[in-house]
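The structure appears right after this line, and notes come after that.
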Amino acid sequence: MRDPAPAKLPPDDERHRRAIIWTAAGLIALPLAALAWNFTAAAPTEAADKARPAGMVWIPGGEFTMGDDKSDEMHKEERPGHRVKVGAFWMDETEVTNTQFARFVEATGYVTEAEKDLDPRTFPNAPSPELLKGGSLVFKHTQGVNPLQCGAGDLPWWRFTVGANWRHPEGPGSEIKDRARHPVLCLTYKDAQAYAKWAGKRLPTEAEWEFAARGGLADKKYVWGDVERPAGKILCNHWQGKFPATDTGEDGFKYVAPVKSFPANGYGLYDMAGNVWEMCDDWYGPEWYGRSPKDNPAGPVIGHDPEGTGYGQHVIRGGSWLCDEGYCFRYRATARQGLDTLTSTNHAGFRCVADPVAPASK
Ligand SMILES: [Ca+2]
């Protein structure tokens, strides 16, 4: 853990907390039999529930195998599988939504990176002045492309779109007024950090993220088990069809889905696979797993920088609505990738964690 316990919880969390305390106080007055039932049924989580921040679930911490020795050559950054131990923490049960982010902006007047132009004096080598205007990378369906033949720096389905930002995720003309429960998009790592700090929380480390995503299952390919479609059911929002041309939307969504559209994992976390990539606190290193320490690893000291921007990449996890089975295939539990620190896109978001306060004193 790099940050101390959260300095404060948002007001609604405080209210929720008080409500739980009053509820707990009310339980004391119940008949003994009812009280005994309550303790028997809920004993393992009782202490945690008393301090439960609104919208967060308790992740108990423990030791697990992170990564996968058997990852194929296209996903070799997931090797080697290695033992890692993380402490306990709280985690947002969903990705941060447009409603939640709007509350932050309203309270602070925060302006996101994608809403601001970059200073040409800071970026004298920018390939075009257009790239210095406020905007985000936006996915465009693209015909006639074999993604397997595209180099990492030449992905024609991404277009830098001036005016694309969290309020207009597909650019000017697009709106979020009917997307209150959709994950917020088009943010940079700095934006996510700013929100987390305001909320009295922090971004998860990559190790915390993977531990939580596995939901108590060990060494499974997906966050729900080893079978991709148990009983034929698709269990996360990803891409079906020919990428990047046609998404059939067999899972019910051809775009980002509202949070909680698919079942939660074993810890009660929603959308830990697919929907949007989730930013982690760590710098990204494709070979980091070969030298990661065992206890609470927090990533390398400098980020991978394949584009030579000088700013490096941070880790994103979980895959997104754009991950298909044949090309990206990163809605698996071990999948990982880097996102340039200055880049915002309409397939990446985040969720926060908070360090324990009350459960540690049980
Ligand atoms: Ca989908």
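Since every read-out is calculated from the coordinates, none of them should be taken as a lab result. A quick note: this is a predicted structure, and the numbers were derived from the prediction, not measured. No Cβ is skipped: glycine too gets one built from the backbone with ideal geometry, and neighbour counts run over all protein chains shown.
Quick notes
- P(r) weight above 37 Å for the stretch 12-354, C-alpha pairs, percent: 19
- Separation in nanometres of the label points that stand 7 Å from Cα toward Cβ, at ASP154 and TYR311: 2.4
- All other residues whose Cβ lies under 11 angstrom from that of ASP247 are scored, Lys and Arg at +1 and Asp and Glu at -1, for a net of -1.
- Rg/Rg_ref, the stretch 260-342, where Rg_ref = 2.2 N^0.38 Å and atoms are Cα: 1.18
- Computed over neighbours whose Cβ is under 15 Å from that of PRO306, the net charge equals -4, Lys and Arg +1, Asp and Glu -1.
- GluC sites (Glu not before Pro) within the stretch 92-177: DSSP coil, no more than 13 neighbouring Cβ in 10 Å: GLU175
- For LYS221, the lysines whose Cα comes closer than 25 Å to its Cα, not counting residues fewer than 8 places off in the same chain, are LYS70, LYS76, LYS85, LYS233, LYS242, LYS254, LYS260, LYS294.
- Backbone N under 14 Å from the LYS220 label point (7 Å along Cα→Cβ), restricted to the stretch 303-328: none
- Sequence-ordered 3J(HN,Hα) estimates for the stretch 339-352 from the Karplus curve with 6.51, -1.76 and 1.60 and θ = phi - 60° stand at 10, 3, 4, 8, 9, 10, 9, 9, 10, 10, x, 6, 9, 10 Hz, glycine and proline given as x.
- Rounded, prolate or oblate (a/c below 1.5 giving rounded, otherwise prolate when a/b exceeds b/c) for the stretch 97-243 by Cα gyration tensor: oblate
- Extending 7 Å from the Cα toward the beta-carbon at both LYS116 and GLN240 defines two label points whose distance is 4.3 nm.
- Cβ-Cβ FRET estimate between LYS233 and PHE329, R0 fixed at 25 Å, reported to 0.05: 0.85
- Measuring r between the beta carbons of ALA180 and ASP295 and using R0 = 25 Å, the FRET efficiency lands at 0.05.
- Backbone HN-Hα couplings from phi across the stretch 92-103 [Karplus 6.51/-1.76/1.60, Hz, Gly and Pro as x]: 4, 6, 9, 5, 5, 9, 4, 4, 5, 5, 4, 4
- Between the stretch 341-356 and the stretch 285-313, the Cα center-to-center distance that results, in Å: 17
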